[in-house]
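So the structure is just underneath, and the comments pick up after that.
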Amino acid sequence: MTLHGVILFHTTSSVLRAEKRLIKEGFATRLVPTPRQFSSDCGIALRFDWNDHERITSMLGEEKVEFDAIHFLDANPV
Amino acid sequence: MIYLDQAATSWPKPPEVLKAMTDVLENAGGNPGRSGHRLSIAAARIIYDTREEISRFFGVSDPLRVIFTGNATHAINLALKGILKPGDHVITSSMEHNAVMRPLRNLEKRGIRLSIVQCASNGTLDAKDIGRMVASDTRLVVMAHASNVVGTLLPVAEVAAIVHQAGALLLVDVAQTAGIIPMDMTAMGIDLLAFTGHKELQGPPGIGGLVIADHIDIAQIDPLICGGTGSRSESEEQPDDLPDKFESGTANLAGIAGLGAGLRWLKDRGIEEICAHLKTLSRMLIDGLSAFPEVKIYGTLDPARSIAVVSFTVAGRHVSEIGFRLDEEYGVLSRVGLHCAPAAHKTIGSFPEGTVRLAPGVFTTTEDIRLAIRAIGRVIRS
């Protein structure tokens, strides 16, 4: 089973901007509704393969892509 | 019919623009940024992609610095009312549209000091005259890129150098020039750029925007409208994030999709070619009208120093009669009167009667201009 992580952003525009950059780098991503356990924001977050999380975190940092937080996405949240 | 009122709004629109608008409502009809389902995401993507195209079009690197508004007037109000505080000094030109003049007069009543630089009777502005008016409290200079009455281009880059030396900001209204003159905000020194979608950008009415240069600190701009953004929904305070800080309420999705299609259409067509075509038409109009001794043409009469907007009056005749007869008898559509720019008409000496304005566009042909001039000749001789 693929384990996923999720990146939260403050705005829809930031999610889409980050998604484009991650896709360009070849990462598999998917836009999902923002998980309620992490945020009260409306809208969407960026889901990714947790195996990529270190590479993605360093890429976001290097390219100064603004984001709110990165979380491990438990398949069976309480 | 010969439509020569492109400076008011462009018509017809490219079929691609209409198709993009119906497509988005049929296939991507969710509320962007509010929900997480596929229709909402599809809508958000169209808006983001258009933001990106606009940022490239005007030469800013961050697409989030493109703020969508209803039109250029809304964008100008956002910039002026968001930045200017009581005690600030603002400078503008005497060729401005009421989209600039009215918010400035409104701000004047709230303690902002306004100076208006007098332009020459052909609409030209000497950048040094701006320099003479700059003071220590000058916060902003606002000006059109080109006059909507006579088409005269104002020296934006020269003014930018003076404005920046004084530590002030430059806001430019490109309603008349975007889409017909290649534009790079960074090269021109524009800090804030207000555009509208429905003129030569080929989009529909109801969509425009403010583009904020990459180096401008947005903390100095207050939002004009506050409300729901889909972001930071736990808070009752307006968020500081771009573009949400300035974009409350549901976006004009169909308008944005149409504008995006307009920009792509322009790119395919080539702005340089459009610019050259309009110069040819402008030259034909000026030369054709000059042949009538009773006609007075306003502006520089030089297509190199103006866009294709030609204003004229006829000795002893009302402009309203000329415009009405051109429409009724020859199907030539012009715009007569003051063109929402009383200051500009005072500057060129045509206030309060106004002028007949002819503004060809990308779809206007040389044959259209030839027929229009013949029609004008017949109207003024009978």
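Given B:Thr300, B:Ala219, B:Ser231, which one lies farthest toward the positive end of the charge dipole of chain B, if we put +1 on the Cβ of every Lys and Arg and -1 on the Cβ of every Asp and Glu?
Final value for the positive-end residue is B:Thr300.
How high is the relative contact order of chain B? Use alpha-carbon pairs under 8 Å, at least six apart in sequence, and give a whole percent.
The value is 24 percent.
What is the mean number of Cβ atoms from other protein chains located within 10 Å of the Cβ atom of each residue in peptide B:224-231, rounded to a whole number?
On the way: counts 0, 0, 0, 0, 1, 6, 7, 12.
Partner-chain Cβ atoms within 10 Å, mean over residues of B:224-231: 3.
Pick out, in residue order, every one of the trypsin sites (Lys or Arg not before Pro) in region B:88-186 that is DSSP loop and has at most 12 other C-beta atoms within 10 Å; say none if there are none. Mind dumping the intermediate values first?
Numbers: sites: B:Arg105, B:Lys109, B:Arg110, B:Arg113, B:Lys128, B:Arg132, B:Arg139; in loops: B:Lys109, B:Arg110.
Within region B:88-186, the qualifying trypsin sites (Lys or Arg not before Pro) (loop, at most 12 other Cβ atoms within 10 Å) are B:Lys109, B:Arg110.
What average count of beta carbons from other chains do you get within 10 Å of the Cβ of residues in A:5-12? Display every interim value, and only then the final one.
Numbers: counts 0, 0, 0, 0, 2, 8, 13, 15.
Across the residues of A:5-12, the mean count of other-chain Cβ atoms within 10 Å is 5.
Mind checking which of B:Leu80, B:Ile373, B:Thr177 is farthest towards the positive end of chain B's charge dipole, using Cβ charges of +1 (Lys, Arg) and -1 (Asp, Glu) about the Cα centre?
B:Ile373
If the protein assembly as shown were replaced by its equivalent ellipsoid, with semi-axes equal to the square roots of 5 times the Cα gyration tensor eigenvalues, what would those be, largest first, whole Å? Don't skip to the end; give the middle numbers.
Details: eigenvalues 412, 130, 60 Å².
They are 45, 25, 17 Å, listed from largest to smallest.
B:Lys346: which aspartates and glutamates have alpha carbons under 14 Å from its alpha carbon, excluding same-chain residues fewer than 8 sequence positions away?
Once the sequence-local aspartates and glutamates are set aside, what remains near B:Lys346 is B:Glu96.
Residue by residue through B:32-41, how many Cβ atoms from other chains fall within 10 Å of the Cβ on average? Mind showing how you got there, number by number?
Working: counts 5, 9, 4, 4, 9, 2, 1, 0, 6, 10.
Per residue, the average neighbour count from other chains is 5.
Excluding same-chain residues fewer than 8 positions from B:Lys245, which aspartates and glutamates have a Cα within less than 14 Å of its Cα?
Answer for B:Lys245, where 14 Å is the Cα cut-off: B:Asp217, B:Asp222, B:Glu236, B:Glu237, listed by chain and number.
Please list, or write none, the aspartates and glutamates whose alpha carbon is within less than 13 Å of the alpha carbon of B:Lys296, excluding same-chain residues fewer than 8 places away.
Answer for B:Lys296, where 13 Å is the Cα cut-off: B:Asp287, listed by chain and number.
Give A:Lys64/B:Lys81; B:Lys13/B:Lys267; B:Lys85/B:Lys199; B:Lys85/B:Lys109 a once-over and call out the pairs whose C-alpha atoms are over 23 Å from each other.
Details: A:Lys64/B:Lys81 31 Å; B:Lys13/B:Lys267 15 Å; B:Lys85/B:Lys199 31 Å; B:Lys85/B:Lys109 12 Å.
Check vs 23 Å cut-off fails for A:Lys64/B:Lys81; B:Lys85/B:Lys199.
Sorted by mean Cβ packing within 10 Å, highest first, what order do the peptides B:342-355, B:268-281 take? List each step's numbers first, then the result.
Details: B:342-355: 19.9, B:268-281: 15.7.
Sorting B:342-355, B:268-281 by mean packing, highest first, produces B:342-355, B:268-281.
Please turn the phi angles of region A:59-68 into ³J(HN,Hα) values with the Karplus equation 6.51 cos²θ - 1.76 cosθ + 1.60 (θ = phi - 60°), one per residue in order, whole Hz, x for glycine and proline.
5, 4, x, 4, 8, 6, 7, 6, 8, 8
With viscosity set to 0.692 mPa s and temperature to 37 °C, compute the Stokes-Einstein D of region B:1-81, Rh being the Kirkwood radius across alpha carbon pairs; µm²/s, no decimals.
Values: Rh = 15.1 Å.
Here the translational diffusion coefficient equals 218 µm²/s.
None of the figures in this text is laboratory data; all of them are computed from the coordinates on show. Fair warning: this is a prediction, and the values are worked out from it, not measured in the lab. Every residue, glycine among them, receives a Cβ derived from its backbone with ideal geometry; neighbour counts consider all protein chains shown.
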